[in-house]
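A short write-up of the structure that comes next.
Read-outs: derived from the displayed coordinates by stated rules, not from any lab. What you see is a predicted model; the values in this text were computed from it and never measured. Every residue, glycine among them, receives a Cβ derived from its backbone with ideal geometry; neighbour counts consider all protein chains shown.
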Amino acid sequence: MLGELITSKTRLRLLIKFFVSQANKGHLNGLANEMGESTNGIRKELNHLEHAGYLKKLKVNNKVEYKANTEHPLFDTLKKVVYKHLGLEDLVSTVIERMGNVKKIILIEDYAKGIDSKNIEVVLVGQYLNFEYISQLEEKIEKLIKRKVSFYLASKFLSDKPHIVIFNKDEK
C-alpha cells in the first residue's frame, strides 16, 4: 500500500524506522549499516524528511541524530499509516476481537527497532491465554497482513530490551 505511494525504498524504510515508535533514533552511519544502504542515499532522504519537518535533527556527542518530530501536525497520521502498512492495526483488532482477556500487545525484536523484516514478533500479556487458539490465529493474521507473525504468551512482561506497547487495556 505505502510502497506504491512512496517510491523511494530508502525513504519508506526511514519512515517505518522513525514512525513505528517515536523512541527510535538513528545517526547517518548507523542507519546506513542497519539498512545496508550508502551513506549518501540515507543522507539525501534524511535531509528531505528533516526539511519537510517530519524528522528532528539533534547533536549528540559530536554526532547528528535523527528522530521523529512528534510535534508535526501529521505525526499521528503518519504513525497510523505506517501501522496500517505493516499490518499492525489488523493484528491488534483481530487479537482483541478474538482473545478478550489480552491486557497488552507488545512488539519486540526487529519491529521494535523500526526494521521491517517481514517477521513480526509479538508478546501477548494476559491471564489464561489459549496457546492452541493463538497458533491458529497466527496463520489467519499472516494471510491478512502478508507477514510472518510469531506470538509469545506471558502473564507479565518485564524486559529492558527495545519493545513497543501497541495495545494496553489499562490505558483504554
Neighbour net charge for T94 - beta-carbon separation under 12 angstrom, K R +1, D E -1: -3
Dipole magnitude (debye, nearest 20) for region 2-75, charges at Cβ of Lys, Arg, Asp, Glu: 200 debye
Whole-Hz ³J(HN,Hα) from phi, Karplus 6.51 cos²θ - 1.76 cosθ + 1.60, for region 82-89, glycine and proline x: 5, 4, 5, 4, 7, x, 5, 4
Gaussian network model of the chain, springs between alpha carbon atoms under 10 Å - residue of G30, G114, G126 with greatest fluctuation: G30
Most fluctuating residue given options K113, K17, K148, as computed from a GNM of the chain linking Cα atoms under 10 Å: K148
Backbone HN-Hα couplings from phi across region 139-152 [Karplus 6.51/-1.76/1.60, Hz, Gly and Pro as x]: 4, 5, 5, 4, 5, 5, 9, 6, 9, 6, 10, 10, 9, 10
Degrees between helix 9-19 axis and first principal axis of the chain (Cα, 0 to 90, nearest 10): 60 degrees
Rounded to 5, the percent of DSSP beta bridges in the chain classed as antiparallel: 75 percent
Rounded tilt (10° steps) of 39-51 against the dominant C-alpha axis of the chain: 80 degrees
Residue among N47, G114, N130 farthest towards the positive dipole end of the chain, charges placed on Cβ: N47
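Roughly how big is region 87-171's charge dipole about its Cα centre, with Cβ charges of +1 (Lys, Arg) and -1 (Asp, Glu), in debye to the nearest 20?
My answer is approximately 40 debye.
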Overall form of region 87-171 per C-alpha gyration tensor (a/c, 1.5; a/b vs b/c): oblate
Rounded Å value of the spacing that divides the Cα centres of region 1-72 and region 113-172: 26 Å
Karplus 3J(HN,Hα) series, Hz, for region 72-77 with 6.51 cos²θ - 1.76 cosθ + 1.60 (x for Gly, Pro): 5, x, 9, 4, 4, 5
